[in-house]
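The values are calculated or read from the model by the stated rules, or taken from the named source; none is laboratory data. Model, not experiment: these values are computed from the prediction. We place every Cβ from the backbone using ideal geometry, glycine too, and count neighbours over all the protein chains shown. Remember, those area values only see protein heavy atoms, side chains included, never the ligands or the DNA or RNA. Shrake-Rupley method; radii C 1.70, N 1.55, O 1.52, S 1.80 Å.
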Amino acid sequence: MATKDSARVKEAVAIATKAHDGQFRKTGEPYIVHPLAVKKILEEWHMDEDTIIAGILHDTVEDTNLTLDDIRKTFGDSVAFLVDGVTKLSDERAKLRDIDTYLPATKDNFLRLMIALSDDIRVLIIKLADRLHNLRTLSALPPDKQKKVAKESLEVFAPLADRLNMGLLRVEMADLAFKYVDPKRYDYLKDLIAKTNKSAEKSLKKVEQEVAAALKKEKISFEISGRVKSIYSLHKKLAKHNQNMGEIYDLTALRIIVNDVTDCYLTLGVVHSLYTPMGGRIKDYIAMPKQNGYQSLHTTVITKDKRIIEFQIRTHEMHDFAEHGLAASFYYNEQKLTENYKKGKIEHLPTNLLWITELQMTAAKLREGKKVDLKKLKLNLFADKIFVYTPKGDIIDLPKGSLPLDFAYRLHSEIGDHVVGVKINGKMSNLNKKLEQGDVVEILTSKNQTPKSSWLDKIITPRARQKLLHNLKLSAKKDQPIIPPLKKSKK
Ligand code: MN
């Protein structure tokens, strides 16, 4: 592998190794192991040389004697810019407390994070590679740190990877993090998936052979393979369907990759001629891509031995995009860019990633000191979610319309039970106030407070409701004569 490295990359490795000399990771390994792992991830994503070099150097400015000027002199402006971006990003996160000092146009730290990143989206890609390796080695950290990093990865970074259509990254991050957030559930579902796959193995093999034979007959060239559902996505799906396994149709799936779009539809026809498709479960994400740009044909069929199997049919290019998303689009775009450049046409990003361009333009305006209405910025990253912050700057994601008690119970049920008031963005507020994107929420508690049944009207999240009901029952047993009636929560 190292033999393929260019002279510049080799030099970056040598400089980083020297700079980090004598430093060690929590795993006990020499620190350089981490930047080298980030390098490898970026190479797997086919990132360009400057990004790979910046990945190798990403922790040097913050943690060693190397300066940004040193990097600029040796590797040029672009690499220095990327390293600076990644460094600022971690700075920015450490400084979340100073809410009004940076970018006073918005209190929304998540938006600020995105703006900080958007200068060059490659900064974000390096950050994701960095986070992925930190998750892979999370076992070396103390338990409280593990939980914190895992939670943040599950709530912020994995959805971000999804929004960027980086499917492989999303799956790996979510499963690595979920293992620390809810280890029991993780083990249970892992086992469940393994058992289901084992019992389906034989009939899946048969189906694979039947489909392969039929496709050969039609002279369609193809690759077929089983695809494994991620543990975290099964967890989310089960939560959506009241834990009913009968509603999960895509636990067993086969993926067929063909050469072009015409072959995709031909293949769909071949599959439907062999097995009965289930009504309402044919999805054409080729004609109508998902919001993140994902394309494929999905269909769920019933096999001859009455098994339910999902098929995903796509081209090689669609497959690469589904797995590497934004990173793949850089790779393809670089080739397209060169072609189009010759034709006098300049394209930056595919249309499904136009929100990034929009974000970049907004960031540029902010830096020039121009007025920008951030509410108009259709970030749409998480359409149904808001991100709010603890006074310490921890990011908490909640459904839109959440109230202070939802936030309090989300932090801890001990905190929820003892709420006496709330400060939003430093000002006293009340428990009926809907939280908004970017709010800094401080919960005031008192030891003497007990949970109140009237709070049921001031809660919208099922989890907080469950905790409150549970604790109401407990405290009713202790000192309240009446068990409060169950009320439907307000929409
Ligand atoms: Mn790092």
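Could we say that Thr51 is among the polar types (S, T, N, Q), under 26 Å from Ala161 (Cβ atoms) and within 16 Å of the ligand (Cβ to nearest atom) here?
Answer is yes for this residue.
Looking at (1) more than 20 Å from Lys39 (Cα to Cα); (2) open to solvent by 20 Å² or more (accessible area, probe 1.4 Å), which is the only condition Thr137 fails?
(1)
Exactly one of these conditions fails for Arg25: (1) within 18 Å of Arg122 (Cβ to Cβ); (2) within 14 Å of the ligand (Cβ to nearest atom). Give me its number.
Of the numbered conditions (1) within 18 Å of Arg122 (Cβ to Cβ); (2) within 14 Å of the ligand (Cβ to nearest atom), the odd one out for Arg25 is (1).
One residue is enough: does segment 65-84 have a residue meeting the conditions touching a residue at least 12 places away in the same chain (Cβ under 8 Å), within 12 Å of the ligand (Cβ to nearest atom) and under 23 Å from Leu169 (Cβ atoms)?
Looking through segment 65-84, at least one residue is touching a residue at least 12 places away in the same chain (Cβ under 8 Å), within 12 Å of the ligand (Cβ to nearest atom) and under 23 Å from Leu169 (Cβ atoms).
What pairs can you find where one residue is in segment 188-208 and under 13 Å from Lys306 (Cα atoms), the other is of a type in the set (Asp, Glu) and open to solvent by 50 Å² or more (accessible area, probe 1.4 Å), and their Cβ atoms are less than 6 Å apart, with a gap of 6+ or different chains?
Pairs found: Ser203/Asp305.
Just to be sure before I move on: is Lys423 among the basic types (Lys, Arg), farther than 30 Å from Asn242 by Cβ and assigned to a loop (DSSP other than H, G, I, E, B) in the structure I sent?
No; evaluated as a whole, the condition is false for this residue.
Just to confirm my filter: which helices (runs of 4 or more DSSP H) fall fully inside segment 2-80 and include at least 3 residues that are crowded, with 20+ Cβ neighbours inside 10 Å and within 27 Å of the chain's Cα centre (by Cα)?
Answer list for segment 2-80: 33-44, 49-56.
Would it be correct to say that Ala105 is within 16 Å of the ligand (Cβ to nearest atom), of a type in the set (Gly, Ala, Ser), open to solvent by 10 Å² or more (accessible area, probe 1.4 Å) and at pLDDT below 65?
No: the conditions fail for Ala105.
Could we say that Ile56 is within 15 Å of the ligand (Cβ to nearest atom) and at pLDDT 95 or above here?
Against the criterion (within 15 Å of the ligand (Cβ to nearest atom) and at pLDDT 95 or above), Ile56 qualifies.
I need the full set of residues from segment 439-466 which are touching a Ser or Thr at 6+ places or on another chain (Cβ under 9 Å) and open to solvent by 60 Å² or more (accessible area, probe 1.4 Å), in order please.
Correct list: Glu442, Asp457, Pro462.
Considering only segment 135-160, how many residues are β-branched (Val, Ile, Thr), at pLDDT 80 or above and in a helix (DSSP H, G or I)?
1
I need the full set of residues from segment 168-191 which are buried (at least 21 other Cβ atoms within 10 Å of the Cβ) and among the aromatic types (Phe, Trp, Tyr), in order please.
Passing the criteria: Phe178, Tyr180.
Only residues in segment 21-48 that are more than 20 Å from Ala327 (Cβ to Cβ) count as the first member; pair them with residues that are within 14 Å of the ligand (Cβ to nearest atom) and among the β-branched types (Val, Ile, Thr), Cβ under 6 angstrom, at least 6 apart or cross-chain, and list the lot.
Partner pairs satisfying both residue conditions: Thr27/Thr137.
Taking helices (runs of 4 or more DSSP H) that fall entirely within segment 161-251, which contain at least 3 residues that are more than 27 Å from the chain's Cα centre (by Cα)?
The qualifying helices (runs of 4 or more DSSP H) are 183-217.
Somewhere in segment 110-132, is a residue within 24 Å of Arg25 (Cα to Cα), open to solvent by 60 Å² or more (accessible area, probe 1.4 Å), at pLDDT below 85 and within 16 Å of the ligand (Cβ to nearest atom)?
The answer is no; no qualifying residue exists.
For segment 150-167, give me the residue count where each residue is open to solvent by less than 40 Å² (accessible area, probe 1.4 Å) and more than 19 Å from Gly55 (Cβ to Cβ).
So the answer is 10.
So that you can scan it fast, the table gives a plain yes or no per residue for (1) out of contact with any helix residue (DSSP H, G or I) (no Cβ under 6 Å at 6 or more places or on another chain); (2) exposed (fewer than 15 other Cβ atoms within 10 Å of the Cβ); (3) farther than 19 Å from Glu223 by Cβ; (4) charged (D, E, K, R):
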residue: Met245; (1), (2), (3), (4): yes, yes, yes, no
residue: Asp250; (1), (2), (3), (4): yes, no, yes, yes
residue: Ile256; (1), (2), (3), (4): no, no, no, no
residue: Val261; (1), (2), (3), (4): yes, no, no, no
residue: Thr267; (1), (2), (3), (4): yes, no, no, no
residue: His272; (1), (2), (3), (4): yes, yes, yes, no
residue: Tyr275; (1), (2), (3), (4): yes, no, yes, no
residue: Arg281; (1), (2), (3), (4): yes, yes, yes, yes
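Just give me the residues in segment 288-298 being within 22 Å of Gln209 (Cα to Cα) and surrounded by fewer than 20 Cβ atoms within 10 Å (Cβ to Cβ), in sequence order.
Matches in segment 288-298: His298 only.
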